[in-house]
1. So if I take the centroid of the Cα atoms in the range 3-74 and the same for the range 260-326, what is the distance between those two points in Å?
2. Expressed in nm², what is the orientationally averaged projection area of the convex hull enclosing the Cα positions of the range 1-82?
3. Is the C-alpha gyration tensor of the chain telling us rounded, prolate or oblate? Criteria: a/c under 1.5 is rounded; beyond that, a/b larger than b/c is prolate, otherwise oblate.
4. Compute the helix-to-body angle for 285-299: its Cα long axis versus the longest principal axis of the chain, expressed 0 to 90° and rounded to tens.
5. Could you please state, rounded to a whole Å, how far the C-alpha centre of the range 189-259 is from the C-alpha centre of the range 78-110?
6. Specify whether the C-alpha gyration tensor of the range 126-264 places it in the rounded, prolate or oblate class, a ≥ b ≥ c being the square roots of the eigenvalues: rounded for a/c under 1.5, otherwise prolate if a/b is larger than b/c and oblate if not.
7. According to the square roots a ≥ b ≥ c of the eigenvalues of the Cα gyration tensor, what is the shape class of the range 80-123, taking rounded for a/c under 1.5, prolate for a/b larger than b/c otherwise, and oblate for the remainder?
8. Percent relative contact order of the range 92-206, based on C-alpha pairs within less than 8 angstrom and at least six residues apart?
Ligand code: SAH
């Protein structure tokens, strides 16, 4: 516990760094690539088609931010080796990951990867970058309008305290609560800038909405909601991604944005159920039901399929990418 008040984003950054360094996050929550191998396979196929649309730049960086266990990239590269040997030949695999513990997990599944602490560490050149449930783990600031004045939330002794603040930048949203993810906005701005100069594109998948969530900070411990301020580092802290804000950040660097589209729609356009049926064929009834159930879970309109959305960042003039065109 600290006696001085700590700004919420600094608290969240510290808590999550401790959390990802010391825990197996997947004991607390499940992500799309951990639900079905089809998720990573479809994203691998998406990347190969995009690489072709970009004019097959060689060499190309195939990068992932916050790869967790490395499952998505393992599933993607396994399929690509079979169906897209030219892309496989042209790519080098890069991970942006700060947790030493998760780096070790990733190395088991994707031994050929190169690791970096941040986007700035990636070598220059065209990149196809995937980020699934990465931006939601980055630290947020929260502001509230109280009796006509803005206050910012700080954390002191396990509780929120509020301090007078300047109006947040997107206060014109006409809301009394604003949540800002400066790290996510900066990541997308930097990514967009390098895509404009070096070429390539990025696919962002996360839960969130096309606007400001106000206050969406949540903590998961052992799979159940818990107090985000209790015992920093013991729970996974996340906040909804503001897709309007990251799109603005990307456009601000001269990039174009496609989407957001709901994850369920995106995956079905990429052939989610066709792939699931092929995978289920010839299996036992129980195995087939598991494969189809997992696919449905990724696209479920009242669940992950609409809670999660997909957004692409691309250089100006990029034609509609798979999954984003109706
Ligand atoms: N994409 C994975 C894991 C999501 S969990 C999946 O879908 O299963 C979030 C991931 O981002 C973890 O790998 C975590 O260690 C990493 N991460 C969190 N904050 C980070 C930061 N500031 N810089 C780099 N990686 C970070």
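Please treat every number below as a calculation from the coordinates, not as lab data. Keep in mind that this is a model prediction, so the values were computed, not measured.
1. Their Cα centres are 17 Å away from one another.
2. Values: hull surface 31.8 nm².
For the range 1-82, the mean projected area of the Cα convex hull comes to 8.0 nm².
3. Numbers: a/c = 1.70, a/b = 1.44, b/c = 1.18.
In terms of gyration-tensor shape, prolate.
4. Taking the Cα atoms of the chain, the angle to 285-299 is about 50 degrees.
5. 22 Å
6. On the way: a/c = 2.23, a/b = 1.44, b/c = 1.55.
Since a/c reaches 1.5 but b/c is at least a/b, the shape of the range 126-264 is classed as oblate.
7. Values: a/c = 3.89, a/b = 1.60, b/c = 2.43.
Oblate, because a/c is 1.5 or more while a/b does not exceed b/c.
8. Numbers: 140 pairs, mean separation 35.3, N = 115.
Averaging sequence separation for qualifying contacts and normalising by length gives 31 percent for the range 92-206.
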